[in-house]
1. Yes or no: region 97-106 includes at least one residue that is at pLDDT below 95, under 27 Å from H23 (Cβ atoms) and surrounded by fewer than 16 Cβ atoms within 10 Å (Cβ to Cβ).
2. Taking only region 69-96 into account, find how many residues are within 23 Å of R53 (Cα to Cα), among the hydroxyl-bearing types (S, T, Y) and surrounded by fewer than 17 Cβ atoms within 10 Å (Cβ to Cβ).
3. Of all residues in region 22-38 being under 20 Å from R53 (Cα atoms) and touching a helix residue (DSSP H, G or I) at 6+ places or on another chain (Cβ under 9 Å), which is modelled with the highest pLDDT?
4. Please go through region 78-127 and give me each residue that is more than 14 Å from the chain's Cα centre (by Cα), assigned to a helix (DSSP H, G or I) and among the charged types (D, E, K, R), ordered by number.
Amino acid sequence: MPLPTTLAAAIPADAFAGSIRTHRQARDILGNPALTVYDNPRSLLMCVYNRDRALCHRLDADDAPRLDRCRPSCANIARTDHHAAQILQYARTLEKQAASELIPDPLADRLTRRASQLRALADRHEHDRIHPQEPTS
């Protein structure tokens, strides 16, 4: 039995669950007027902003994220395959810098650790992403 019009109008739009795996999902989120999406190219991620879950605004009430204060554990973070590829590219760049003879050992160690963290992010994305299924017909 279909819902009465007033009930159907009262049902909220789909909420963002906290991850994006494909370009189609990203396109669907960007097309949903109930969600506010911010691209953060410096952090290689997107923020599907929900004030209640935002770690960038712990005490202040604001209607927009602080993109300079993104936290890796924030539930608003979303990454596409393109973001993961950019993360791997950046990790390779850091590893090349760390391998240079001109870089002091402590800095090379820091660069190598950061590259390892970035690779772990990209690996987690690859592991958790949803692969499109082939038609079974």
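1. The answer is no, given that none of the residues of region 97-106 is at pLDDT below 95, under 27 Å from H23 (Cβ atoms) and surrounded by fewer than 16 Cβ atoms within 10 Å (Cβ to Cβ).
2. So the answer is 1.
3. Only one residue fits best here, namely Y38.
4. R92, E95, K96, D105, D109, R110, R113, R114, R119, listed by residue number.
The values are calculated or read from the model by the stated rules, or taken from the named source; none is laboratory data. Note that the coordinates shown come from a computational prediction; the quantities given were computed from them, not determined experimentally. Cβ: placed from backbone, ideal geometry, glycine included. Neighbour counts: every protein chain shown.
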